[in-house]
1. For region 1-26, which residues satisfy the criterion of being out of contact with any Leu (no Cβ under 6 Å at 6 or more places or on another chain), assigned to a helix (DSSP H, G or I) and either modelled with pLDDT of 60 or more or within 26 Å of A74 (Cα to Cα) (or both)?
2. Residues in region 32-50 that are crowded, with 18+ Cβ neighbours inside 10 Å and of a type in the set (V, I, T): how many?
3. So which residues in region 27-43 are assigned to a helix (DSSP H, G or I) and modelled with pLDDT of 90 or more?
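The values are calculated or read from the model by the stated rules, or taken from the named source; none is laboratory data. All values derive from a computational prediction rather than experimental measurement. Counting neighbours? That spans all protein chains shown, and the Cβs are built from the backbone with ideal geometry, glycine included.
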Amino acid sequence: MLYAEKKPLHKSNDLRRGFSVMPLADKFHLSAGHLSVLFKKETGLTISDFVKNLRMKKAKEMLQDPTIKIYEVAERVGLQTPAYFTYQFKKNESCTYSRNTFPK
């Protein structure tokens, strides 16, 4: 049920906005807690982990372009600062960022 419905979020290019479970839960007429349980059961991920993974995937795509600065990547994927982006990137990818991290 939810897997098919998550595609709009997955396809979203606008990760800049803060993400909240409540509007998504309202869309499905569920409580936030119940939606979170269903989402985890169906995908194996929490909603916040799913969004974080989307952000890192988008960041890796943007990092392929040497003209895009780190602060621009951080801003475009909705992370507060370049330092926080770097922290999340290292935590998620188990490596620090460099232009050679993801060869074309």
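1. First pass over region 1-26, keeping only residues out of contact with any Leu (no Cβ under 6 Å at 6 or more places or on another chain): 1, 3-24, 26.
Narrowing the set further to residues that are assigned to a helix (DSSP H, G or I) leaves 3-5, 7-11, 21-24, 26.
Hits for region 1-26 are K7, P8, L9, H10, K11, V21, M22, P23, L24, D26.
2. Qualifying residue count for the region: 1.
3. Those that are assigned to a helix (DSSP H, G or I) and modelled with pLDDT of 90 or more: A32, G33, H34, L35, S36, V37, L38, F39, K40, K41, E42, T43.
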